[in-house]
Amino acid sequence: MDTEALQEILVEYTETIIDFLPRLALCVVIFLIGSAVIKKILSFANKTIEHSKISQNVKPFFKSFLSISLKAILFFVILAIIGVKTAGLMTLIAALGFGIAMALQGSLGNLAAGLLIMIFRPYKMGDFINVGDHSGTVKEIQLLNTIITNLDNKDVIIPNGSAISENVTNSSSNGYVRLDFTVYMPYNESFPKVQKLLLDALEQTELILNDPQPQIGILEFDTHSIKLSVKPFCLVQHMEPAYYNATETVKKALGEGMIKVAYSEGVELGEIGK
């Protein structure tokens, strides 16, 4: 390559750089101004969202979506000023997006399920729910997963797709839940007497609700005794301690009432201790 040809190449590249410098400077200015404007918009939007009546479950999603959208707009504006053909870039992004979507079908399904949970709100943070074999208090609702804390104080991560596809029982919908356990009474005892004895005891039991009133009924007739169903109510957050309070109260009431029951070993009746 001779000196004249090299000079021509240098001149050509120099002219290209000189022509590009104004656009580069404009891009820098737009980036700085755009970033400042986006920061102001996000700050205002975040305050508005926080003070709005939108569910706490949905607020993080709106904030993230708005931030990504504004930054994407600024990115494409800068590319257009530089001279990049955004139509071709969009085609490339779409193709990459399709490939990623095919590889992450499960994750996208969980993402869609997360959006449905945020919109239709079958449960919210703080609710006690049952999903499949898992139950616990909803700790966090993410775009892909729901995190619940079970009664063992362990966090269980449930994919949102599973939460949507399986039956979800929300025990917090009405604010209270029913506890269930059984006791036995002999055939020679009066059911109304035993029923009143247990109802009076449960009404005085800590954490057990009087409205709705506890329910006590005959569940079935065994060979040597009558099985009673005891169903008191309590607030959702008191389920475990209320259950223990209720069973302890019932045991004590039966003992104080001298109610005899038949043991499974035979038909001999024995008194329940206090």
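The values are calculated or read from the model by the stated rules, or taken from the named source; none is laboratory data. Everything numeric here is computed off the predicted structure, so don't read it as measured data. When we count neighbours, we look across all protein chains shown, and the Cβ atoms used for this are built from the backbone with ideal geometry, even at glycine.
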Selection from region 121-136 of residues free of Cβ contacts under 8 Å to residues at least 40 places away in the same chain and buried (at least 18 other Cβ atoms within 10 Å of the Cβ) yields 131, 136
When residue 186 is run through (1) in contact (Cβ under 8 Å) with a residue 40 or more places away in the chain; (2) touching a strand residue (DSSP E or B) at 6+ places or on another chain (Cβ under 6 Å); (3) crowded, with 17+ Cβ neighbours inside 10 Å, the failure sits at (3)
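Condition check ((1) closer than 30 Å to residue 169 by Cβ; (2) modelled with pLDDT of 70 or more; (3) of a type in the set (D, E, K, R)) across all residues:
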residue	(1), (2), (3)
16	no, no, no
20	no, no, no
77	no, yes, no
84	no, no, no
94	no, no, no
120	yes, yes, no
Working only within region 151-172, note down all residues that are part of a loop (DSSP other than H, G, I, E, B) and surrounded by 13 or more Cβ atoms within 10 Å (Cβ to Cβ). 166, 171, 172
Are any residues in region 29-59 part of a helix (DSSP H, G or I) and modelled with pLDDT under 85, and if so, which ones? 45, 46, 47, 48, 49, 50, 59
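Residues are listed down the side, and each one gets a yes or a no for (1) modelled with pLDDT under 95; (2) under 19 Å from residue 127 (Cβ atoms); (3) assigned to a helix (DSSP H, G or I):
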position	(1), (2), (3)
174	yes, yes, no
187	yes, no, no
212	yes, no, no
220	yes, no, no
223	yes, no, no
227	yes, no, no
237	yes, yes, yes
258	yes, no, no
Give the number of residues within region 19-39 that are farther than 14 Å from residue 74 by Cα and of a type in the set (D, E, K, R). 2
